[in-house]
1. In nm, to one decimal, how far is the modelled label at residue 44 from the one at residue 220, with both set 7 Å along Cα→Cβ?
2. Name the residue from 72, 54, 89 whose Cα lies farthest towards the positive end of the charge dipole of the chain, charges +1 on Cβ of Lys and Arg and -1 on Cβ of Asp and Glu.
3. Dipole of the chain (Lys/Arg Cβ +1, Asp/Glu Cβ -1, origin at the Cα centre): which of 233, 219, 118 lies farthest to the positive side?
4. Along the charge dipole of the chain, pointing to its positive end and built from +1/-1 on Cβ of Lys, Arg, Asp and Glu, which listed residue (31, 44, 149) has its Cα farthest out?
5. What whole number of Å gives the distance from the Cα centroid of the range 181-224 to the Cα centroid of the range 66-119?
6. Quick one: Karplus J couplings for the range 244-261, per residue in order, coefficients 6.51, -1.76, 1.60, θ = phi - 60°, nearest Hz, x for Gly and Pro?
7. Hey, in the GNM for the chain with a 10 angstrom Cα cutoff, which one of 141, 118, 258 fluctuates hardest?
8. For residue 55 and residue 264 in one chain, what is 0.36 nm times their gap in residues minus the Cα-Cα distance, to one decimal in nm?
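Bear in mind that the values in this text are calculations on the coordinates, not laboratory data. Note that the structure is predicted; figures quoted are calculated from it, not measured. Ideal geometry is used to build each Cβ from the backbone, glycine not excepted, and the neighbour counts take in all protein chains shown.
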Amino acid sequence: MHAYQIKENIKLTLKEYDPNDTKLWDSDKKAAKNKLEDLRKQLIDLQRLLYAEHKQKVLIILQAMDSGGKDGTIRSIFKGVNPQGVRVASFKVPTPEESKHDYLWRIHKQTPRSGEIVIFNRSHYEDVLVVRVHQLIADTVWKKRYEQIRHFEKLLADEGTTIIKFFLHISKDEQKERFLERIDIPEKQWKFNPRDIEERKLWGNYMQAYEDAISKTSTSYAPWYVIPANRNWYRDYVITKIITDVLKKKNMTYPNPVEDLEKYRTALD
Ligand code: ADP
């Protein structure tokens, strides 16, 4: 089992996980960047194979606090990957239409088809996180959702979807630094949202909500990984390594060529 994978049926305490941790890398940052380049090449090859084979469905879920690095992770990991066959689905405040349905309706529609990798930028986990912290619905309603989510993810897994879930774990101090950058650096100012300051005040409530969500839904078929995410280079290295390791285990193969392929050589003008 991977060092950052959360075991099934344990009670997670996020305080025990250091967002600055770099324990899986024993060399310097520059060497890690070289290794990441190597892993990216592997991922490009694996994704090409996955697309060609057209059997596997892969769902990657990214959750984080504001400024946690979801966008940067997506950019970094899928740099160079064939955009055909990879898709990002971002989940915002539900639209009026989405609100008229159950919370998994909009999610299920975005799950991957054969040969596809889909990255969820936020997900159905918002429905046990923001919804709980802001008391948008009754406790009795969101408390039932952990079991519903386990069943939903089991259904996807049984039907051939590989699910990998990442919580990008940053510290409250790191978030402050990142918000300050959004005030100081002109190219980042567009990202600043005064609402983020209000959300930050609820940090403790969010941590509790994340601890429960991760503890109650990390399963063998849809495991959660808590990734130390204060350092972007380490976050990208660990996540890319996990994804490539999971894909390698799929033993994918290119489809067989048509019969008598050679004979077509002479048929070419
Ligand atoms: P992001 O922070 O992901 O880059 P935004 O700044 O547009 O994107 O934030 C999206 C917002 O939508 C977040 O505040 C998130 O909590 C909220 N959201 C997502 N899903 C839900 C949901 N099911 N119910 C309520 N709010 C949601």
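1. Using points 7 Å along Cα→Cβ, the separation is 3.7 nm.
2. Ranked along the dipole, the leading option is 72.
3. 233
4. The residue sitting farthest along the positive end of the dipole is 31.
5. 17 Å
6. Calculated HN-Hα couplings, in order: 5, 4, 5, 5, 4, 5, 6, 6, 6, 9, 5, x, 5, x, 4, 5, 6, 3 Hz.
7. For the chain, modelled as a Gaussian network with Cα springs under 10 Å, the answer is 258.
8. Going from the current span to full extension adds 72.5 nm.
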